[in-house]
1. (1) at pLDDT below 90; (2) closer than 24 Å to S42 by Cα; (3) small (G, A, S): which one isn't true of A142, the others all being true?
2. Which condition breaks for H203 when tested against (1) out of contact with any Phe, Trp or Tyr (no Cβ under 6 Å at 6 or more places or on another chain); (2) surrounded by 14 or more Cβ atoms within 10 Å (Cβ to Cβ); (3) of a type outside the set (G, A, S)?
3. What is the number of the single condition among (1) aromatic (F, W, Y); (2) more than 30 Å from D89 (Cα to Cα); (3) open to solvent by less than 30 Å² (accessible area, probe 1.4 Å) that Y220 does not meet?
4. Can you tell me which residue within the stretch 187-220, out of those that are aliphatic (A, V, I, L, M) and in contact with a Ser or Thr (Cβ under 8 Å, 6 or more places away or on another chain), is nearest to E102 (Cα to Cα)?
5. Are there any pairs, at least 6 apart or on different chains, whose C-beta atoms fall under 6 Å, with the first in the stretch 17-44 and buried (at least 17 other Cβ atoms within 10 Å of the Cβ) and the second in a helix (DSSP H, G or I), and if so, which?
6. Determine, yes or no, whether D248 is within 29 Å of S153 (Cβ to Cβ), open to solvent by 60 Å² or more (accessible area, probe 1.4 Å) and more than 21 Å from the chain's Cα centre (by Cα).
7. From the residues in the stretch 169-182 that are in contact with a Ser or Thr (Cβ under 9 Å, 6 or more places away or on another chain) and of a type outside the set (A, V, I, L, M), which one is surrounded by the fewest Cβ atoms within 10 Å (Cβ to Cβ)?
Amino acid sequence: MEPLFEELKRFAQEYHRRLPIRLTTRYPYCGEKILQYVDFFSLIGYFSPCPNSELYRGSLWYYKVPFRKVCDHAVIMTYAVNLQGLVPDDIVKQGIRLQSEELDSAPLVIVWPLVARQTSVVMHAVPIGRLDDPEPVHRYTAYFMTYFASDKSNLRTDKMYVHTDVGYAATEGVKTDRDLAKWIRAGRLFWLDPDDPEHPLVHGAPENFPYGNIRPEGWYRILNDGKVDGLHPYNRSLIWNGSAPSHDQSFSKSVED
């Protein structure tokens, strides 16, 4: 198994070195840009061992690819991928076999860390192409959700922090909310303007949210034959039906217990 693991590491490292560097989000309190390696050409970045989320949170022991530009206030990043009704068999046609992650079909928020004081999430949509297109064409859509904590936040205290067994901030097993309008009204949800080439940060009324009509109905996996396993319904015990605290207010992290 060790030679295979080393080969996967080399593949992941070379893959990320070849990716373009693009704006993925902005810090909501100062507008600072965050630039990352992003795969606009295929869904490979949403599979293991190459998932964008691992690179973003700094698994440099594995990838050995430094961040291009990251804000220290960024906590975690999650994403959803809408397949636009297509069968994602282009990776299989290229002979690539990777382990699919569980993917949401449309954007949602994880309630932690948004129950801490002065935390926010910024959303940005990214077009994704297929490997069998001779030129990049918008086939799928990825939604990046990046979570931030200000210097005045209580998120990183023992009383509020939720982490995995290996110490990373938790992104799984925490409650999710599909009602994004409430988080906009609470001053927690921002987005990058999709119609402006500079993608400035926007925080407006819920009716101006460009992805307000897109609601996730479940999660899915892409199988090794390119077929889709799902949609699977969300675990009802992990769906948040409560309110969104205002930006300067915090709820107890016990909502995740």
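The values are calculated or read from the model by the stated rules, or taken from the named source; none is laboratory data. Not measured: the values here are computed from a predicted model. Cβ coordinates were reconstructed from backbone atoms using ideal geometry, including for glycine residues, and neighbour counts include every protein chain displayed. Ligands, DNA and RNA are stripped out before the accessible areas are found, and what is left, the full protein with its side chains, is counted by its heavy atoms. Shrake-Rupley method; radii C 1.70, N 1.55, O 1.52, S 1.80 Å.
1. Here A142 clears every test but (1).
2. (1)
3. Of the numbered conditions (1) aromatic (F, W, Y); (2) more than 30 Å from D89 (Cα to Cα); (3) open to solvent by less than 30 Å² (accessible area, probe 1.4 Å), the odd one out for Y220 is (2).
4. Looking at the filtered set, the residue picked out is L189.
5. Pairs found: Y37/H16; D39/G45.
6. Numbers: within 29 Å of S153 (Cβ to Cβ): yes; open to solvent by 60 Å² or more (accessible area, probe 1.4 Å): yes; more than 21 Å from the chain's Cα centre (by Cα): yes.
Considered against the rule, which asks whether it is within 29 Å of S153 (Cβ to Cβ), open to solvent by 60 Å² or more (accessible area, probe 1.4 Å) and more than 21 Å from the chain's Cα centre (by Cα), D248 comes out as yes.
7. Of everything passing the filter in the stretch 169-182, E172 is surrounded by the fewest Cβ atoms within 10 Å (Cβ to Cβ).
For every residue, the table says whether it meets (1) without any contact (Cβ under 8 Å) to a residue 12 or more places away in the chain; (2) open to solvent by 60 Å² or more (accessible area, probe 1.4 Å); (3) among the polar types (S, T, N, Q); (4) not in a helix (DSSP H, G or I).
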site	(1), (2), (3), (4)
P107	no, no, no, yes
F148	no, no, no, yes
N154	no, no, yes, yes
D158	yes, yes, no, yes
